[in-house]
Amino acid sequence: MHIEGVRYGLSAESAAKIDIVREAGLKSLEIFKRAGVKMGFGSDLLGPGHRMQSDEFSIRAQVLTPAEIIGRRDLSCLTGQGERIPLVMKGGRLEFNELH
């Protein structure tokens, strides 16, 4: 919503509020980090904005290190809505495989 809210019909006032909430969210990440809180991934984006849900990793990277986010060095593998993830296993079973 921060990037495309006005395009989808939000008023300038609502878009400004989103910026305030976004900044507060980043401050919350800093507080959680200092307190040692374990954080999971989640998104409530719907409709056309759903394609941007993996941007949460880039947002978190403004406060957290890559190791704190996923335990790896390169976060780019999680951006692009899975287009950089060629294989997925769930419960020990292959769910998706583009490596073959």
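The values are calculated or read from the model by the stated rules, or taken from the named source; none is laboratory data. Nothing here was measured: the structure is a model prediction, and the numbers come from that model. Glycine gets a Cβ as well: all are built from the backbone with ideal geometry, and neighbour counts include every protein chain shown.
May I ask you to say which residue of Glu98, Glu68 is surrounded by 13 or more Cβ atoms within 10 Å (Cβ to Cβ) and in contact (Cβ under 8 Å) with a residue 12 or more places away in the chain? Explain how you work it out, then say what you get.
Values: Glu98 fails: surrounded by 13 or more Cβ atoms within 10 Å (Cβ to Cβ).
Exactly one of Glu98, Glu68 is surrounded by 13 or more Cβ atoms within 10 Å (Cβ to Cβ) and in contact (Cβ under 8 Å) with a residue 12 or more places away in the chain, namely Glu68.
Quick one: is Arg73 in a loop (DSSP other than H, G, I, E, B), of a type in the set (D, E, K, R) and exposed (fewer than 12 other Cβ atoms within 10 Å of the Cβ)? Don't jump to the end; show me each part of the working.
Numbers: in a loop (DSSP other than H, G, I, E, B): yes; of a type in the set (D, E, K, R): yes; exposed (fewer than 12 other Cβ atoms within 10 Å of the Cβ): yes.
Yes, satisfied.
Glu68 is checked against (1) in a helix (DSSP H, G or I); (2) more than 15 Å from the chain's Cα centre (by Cα) and fails just one. What number does that condition carry?
(2)
Among Ser43, Ser58, which is the only one that is of a type in the set (S, T, N, Q), touching a helix residue (DSSP H, G or I) at 6+ places or on another chain (Cβ under 9 Å), assigned to a helix (DSSP H, G or I) and under 21 Å from Arg22 (Cβ atoms)? Break it down stepwise before answering.
Working: Ser43 fails: assigned to a helix (DSSP H, G or I).
Just a single option satisfies the conditions, and that option is Ser58.
With (1) touching a Leu at 6+ places or on another chain (Cβ under 7 Å); (2) surrounded by 13 or more Cβ atoms within 10 Å (Cβ to Cβ); (3) not polar (S, T, N, Q) as the list, and Ile85 as the residue in question, which single condition is left unmet?
Unmet for Ile85, out of (1) touching a Leu at 6+ places or on another chain (Cβ under 7 Å); (2) surrounded by 13 or more Cβ atoms within 10 Å (Cβ to Cβ); (3) not polar (S, T, N, Q): (1).
Applying the selection to the range 84-100, what residues are among the charged types (D, E, K, R) and over 16 Å from Glu56 (Cβ atoms)?
If we filter the range 84-100 for residues that are among the charged types (D, E, K, R), which is where we start, we get 84, 90, 93, 95, 98.
Selection gives Lys90, Arg93, Glu95, Glu98.
Show the residue pairs meeting these rules: Cβ distance below 8 Å; 6+ apart or different chains; first residue within the range 49-63 and free of Cβ contacts under 8 Å to residues at least 60 places away in the same chain and more than 16 Å from Phe32 (Cβ to Cβ); second residue outside any loop (DSSP other than H, G, I, E, B) and among the hydroxyl-bearing types (Ser, Thr, Tyr).
Gly49/Tyr8
Test each condition in (1) of a type outside the set (Val, Ile, Thr); (2) touching a residue at least 24 places away in the same chain (Cβ under 8 Å); (3) under 24 Å from Gly82 (Cβ atoms) for Gly40 and report the one that comes out false.
Checking Gly40 against (1) of a type outside the set (Val, Ile, Thr); (2) touching a residue at least 24 places away in the same chain (Cβ under 8 Å); (3) under 24 Å from Gly82 (Cβ atoms), the one that fails is (2).
Determine if the range 21-32 includes at least one residue that is under 18 Å from Leu78 (Cβ atoms), modelled with pLDDT under 85 and either outside any helix (DSSP H, G or I) or among the aliphatic types (A, V, I, L, M) (or both).
So the first thing to find is which residues in the range 21-32 are under 18 Å from Leu78 (Cβ atoms), and the list is 29.
Checking which are modelled with pLDDT under 85 leaves us with none.
There is no residue in the range 21-32 that is under 18 Å from Leu78 (Cβ atoms), modelled with pLDDT under 85 and either outside any helix (DSSP H, G or I) or among the aliphatic types (A, V, I, L, M) (or both).
Just to verify a result, which residue in the range 76-100, among those that are under 30 Å from Ser28 (Cα atoms) and either under 11 Å from the mean Cα position of the chain (by Cα) or in a loop (DSSP other than H, G, I, E, B) (or both), is modelled with the lowest pLDDT? Explain how you work it out, then say what you get.
To start, the set of residues in the range 76-100 that are under 30 Å from Ser28 (Cα atoms) comprises 76-85.
Pick out the ones that are also either under 11 Å from the mean Cα position of the chain (by Cα) or in a loop (DSSP other than H, G, I, E, B) (or both) and you get 78-85.
On the way: Leu78: 79, Thr79: 82, Gly80: 84, Gln81: 82, Gly82: 82, Glu83: 84, Arg84: 84, Ile85: 87.
Top of the filtered list is Leu78.
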